[in-house]
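Peer 1: Below is the structure I would like to discuss, written out as structure tokens.
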Amino acid sequence: MAIRVLYFAALRESLDCAGETLELPEGMRTLGALREHLHARGGAWSALAQTKNLRAAVNRSMAQPDSTLADGDEVAFFPPVTGG
């Protein structure tokens with residue numbers, strides 16, 4: 001199953017990556033499992049587990065860790081943003 005993952009704001013800067021296409025391991029079907037999979041890369045990727053209130057969307061709709069992923073989905077991760 002292949003999905004597109006996008007990273008925004010400070011997360012994008014810390015990862016030095018705007019997005020990527022991933023082939024998910026067999027059996028990985030939830031947003032929470034994807035987040036853990038990315039976190040396991042180590043280094044800057046630990047921000048995915050350490051960023052307080054990290055938000056995520058699947059196909060442009062806000063999603064929860066138990067949200068199911070399907071082939072071709074677009075997942076976006078973004079930290080809380082404040083404006084002034």
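The values are calculated or read from the model by the stated rules, or taken from the named source; none is laboratory data. If you're wondering where the values come from, they're calculated on a predicted model, not measured in any experiment. Glycine gets a Cβ as well: all are built from the backbone with ideal geometry, and neighbour counts include every protein chain shown. Keep in mind that these areas ignore ligands, DNA and RNA; they rest on the heavy atoms of the full protein, side chains included. Shrake-Rupley method; radii C 1.70, N 1.55, O 1.52, S 1.80 Å.
Peer 1: Hand me the trypsin sites (Lys or Arg not before Pro) from the chain located in a DSSP loop with no more than 10 other Cβ atoms within 10 Å, in residue order please. Present the calculation step by step, with values, prior to reporting the outcome.
Peer 2: Values: sites: Arg4, Arg12, Arg29, Arg35, Arg41, Lys52, Arg55, Arg60; in loops: Arg29, Arg41, Lys52, Arg60.
The qualifying sites are Lys52, Arg60.
Peer 1: Could you tell me the accessible area of Phe8 in Å² (1.4 Å probe, neighbours in place), rounded to the nearest ten?
Peer 2: The value for Phe8 is about 90 Å².
Peer 1: Separate question: Quote the charge dipole size of the chain about the Cα centre in Debye, to the nearest 20; the model charges only the Cβ of Lys and Arg (+1) and of Asp and Glu (-1).
Peer 2: 320 debye
Peer 1: What are the ³J(HN,Hα) couplings of the stretch 5-15, residue after residue, when phi is run through the Karplus curve with 6.51, -1.76, 1.60 and θ = phi - 60°? Round to Hz, x for glycine and proline.
Peer 2: For the stretch 5-15, the Karplus curve yields 10, 10, 10, 10, 6, 4, 4, 4, 5, 5, 8 Hz.
Peer 1: What three numbers, in Å, describe the spread of the alpha carbons of the chain along their principal axes, ordered from the longest?
Peer 2: Principal axes ranked by extent give 41, 28, 19 Å for the Cα atoms.
Peer 1: Here is a follow-up. Of Ala10, Val75, Ala57, which is farthest along the charge dipole of the chain in the positive direction, counting Lys and Arg as +1 and Asp and Glu as -1 at C-beta?
Peer 2: About the Cα centre, the residue reaching furthest to the positive side is Ala10.
Peer 1: Let me ask another. Which whole-number percentage describes the relative contact order of the stretch 1-49, with Cα contacts under 8 Å and a sequence gap of 6 or more?
Peer 2: 32 percent
Peer 1: With the contact rule set at Cα under 8 Å and sequence spacing of 6 or more, what percent relative contact order holds for the chain?
Peer 2: 41 percent
Peer 1: How many percent of the accessible area of the chain is carbon or sulfur, using a 1.4 Å probe? Walk me through the numbers on the way to the answer.
Peer 2: Numbers: 2430 of 5010 Å².
Carbon plus sulfur share of accessible area: 48 percent.
Peer 1: Now for a different question. Between beta-carbons, use under 14 Å as the cut-off and find the net charge around Met1, counting Lys and Arg +1, Asp and Glu -1.
Peer 2: -3
Peer 1: Can you run phi through the Karplus equation (6.51, -1.76, 1.60; θ = phi - 60°) for the stretch 62-76 and list ³J(HN,Hα) in whole Hz, with x for Gly and Pro?
Peer 2: So the J values, rounded to whole Hz, are 3, 9, 10, x, 8, 5, 7, 9, 9, 3, x, 5, 10, 10, 10.
Peer 1: Now, a different point. Hey, what's the chain come to in accessible area per residue, 1.4 Å probe, Å²?
Peer 2: I get 60 Å² per residue for the chain.
Peer 1: Another question about this same structure. Hey, what number do you get for the chain at 222 nm if only DSSP H runs of n ≥ 4 count, each worth -39500 (n - 2.57), divided across all residues, to the nearest 500?
Peer 2: Values: 3 runs with 20 residues, N = 84.
Calculated at 222 nm, the ellipticity per residue is -6000 deg cm²/dmol.
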